[in-house]
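Asks: Once you've had a glance at the structure underneath, I'll fire off some questions.
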Amino acid sequence: MADEALIVIDVQNDFCPGGALAVAGGDEIIPVVNRLIQQSAHVILTQDWHPAGHSSFASSHPGKTPFATVTMPYGEQTLWPDHCIQGSPGAEFHPGLEWTTAELVVRKGFRRDIDSYSAFFENDHRTPTGLGGYLRERGIGRVTLCGLATDFCVAFSALDAVAQGFSASVVLNACRGIDLSGSLAAMTQRMRDAGVALI
Ligand code: VGL
Ligand code: ZN
């Protein structure tokens, strides 16, 4: 429908098997995502897009290992292996993703000192990416989300969508999670409590 957009989150090589931050079964969603893309009047993609030496990388914090947590000026931040470096093969969309009809690509995490899980806000939960304004100017009130990873970028995008006044659904069989110490169950419950439709 014309007032509805599909937002495909971070279907990039580094989040698929063989990638730097591989999500188990990440590539299995691609046929399902491609079907959603075909059915959608508005397709928007996000692309995790970090400079080398990004502050979310464990390698930027001497003595820290991936999946540890540090406190940043904007709050708690999980540290990750180096991934989705701007212009690298790992940052490209998975070759099976049929993305050519997409009208907008939102890149995020491109500032060295702050990460961005959500498609709407950086991890300070205050700095907008511009996506909310884009959707409003286009008269889009409803978003459907899919992609990687369920419990990080998909979930934070869905929560922000609802907080921004959009109605939001997540297509769970078109998502896969990282599940770091129970994060998949916790974020699924947070989405449910916020009024995100899980389908
Ligand atoms: C993501 C961790 C770090 C995601 C991105 O797309 O869920 N997770 N960067
Ligand atoms: Zn990232």
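The values are calculated or read from the model by the stated rules, or taken from the named source; none is laboratory data. Just so you know, these numbers come straight off a predicted model, no measurement behind them. In this analysis, Cβ positions are derived from the backbone assuming ideal geometry, glycine residues included, and neighbour counts consider all displayed protein chains. For accessibility, only protein heavy atoms count, side chains too; no ligands or nucleic acids. Shrake-Rupley method; radii C 1.70, N 1.55, O 1.52, S 1.80 Å.
Asks: For residues in segment 72-88 being polar (S, T, N, Q) and outside any loop (DSSP other than H, G, I, E, B), which is most open to solvent (accessible area, probe 1.4 Å)?
Replies: THR78
Asks: Tally up the residues in segment 124-140 that are within 15 Å of the chain's Cα centre (by Cα) and touching a residue at least 60 places away in the same chain (Cβ under 8 Å), please.
Replies: Residues flagged as within 15 Å of the chain's Cα centre (by Cα) and touching a residue at least 60 places away in the same chain (Cβ under 8 Å) within segment 124-140 amount to 1.
Asks: For VAL43, only one of the following conditions fails: (1) in a loop (DSSP other than H, G, I, E, B); (2) touching a helix residue (DSSP H, G or I) at 6+ places or on another chain (Cβ under 9 Å). What is its number?
Replies: (1)
Asks: Out of the strands (runs of 3 or more DSSP E) lying entirely within segment 96-176, which hold 3 or more residues that are crowded, with 22+ Cβ neighbours inside 10 Å?
Replies: 142-148, 167-176
Asks: Can you tell me which residue within segment 17-53, out of those that are farther than 24 Å from ALA161 by Cβ and among the hydrophobic types (A, V, I, L, M, F, W, C), is farthest from ligand 2 (Cβ to nearest atom)?
Replies: Going through the qualifying residues, I end up with ALA24.
Asks: Within 14 Å of ligand 2 (Cβ to nearest atom) and touching a residue at least 60 places away in the same chain (Cβ under 8 Å): is that true of GLY96 in this structure?
Replies: no
Asks: What number of residues within segment 177-186 are open to solvent by 40 Å² or more (accessible area, probe 1.4 Å) and either outside any loop (DSSP other than H, G, I, E, B) or touching a helix residue (DSSP H, G or I) at 6+ places or on another chain (Cβ under 7 Å) (or both)?
Replies: Qualifying residue count for the region: 5.
Asks: How many of the residues making up segment 153-197 are among the polar types (S, T, N, Q) and either in contact with a Gly (Cβ under 6 Å, 6 or more places away or on another chain) or over 25 Å from SER40 (Cβ atoms) (or both)?
Replies: 4
Asks: Among residues belonging to segment 54-70 that are touching a helix residue (DSSP H, G or I) at 6+ places or on another chain (Cβ under 7 Å) and within 13 Å of ligand 2 (Cβ to nearest atom), point out the one that is nearest to ALA149 (Cα to Cα).
Replies: Within segment 54-70, the match that is nearest to ALA149 (Cα to Cα) is PRO66.
Asks: Looking at segment 35-51, can you tell me whether even one residue there is at pLDDT 95 or above, within 16 Å of ligand 1 (Cβ to nearest atom), within 22 Å of GLU92 (Cβ to Cβ) and open to solvent by 30 Å² or more (accessible area, probe 1.4 Å)?
Replies: yes
Asks: While we're here: Look at segment 4-18 and say how many of its residues are open to solvent by 10 Å² or more (accessible area, probe 1.4 Å) and under 10 Å from HIS94 (Cα atoms).
Replies: 3
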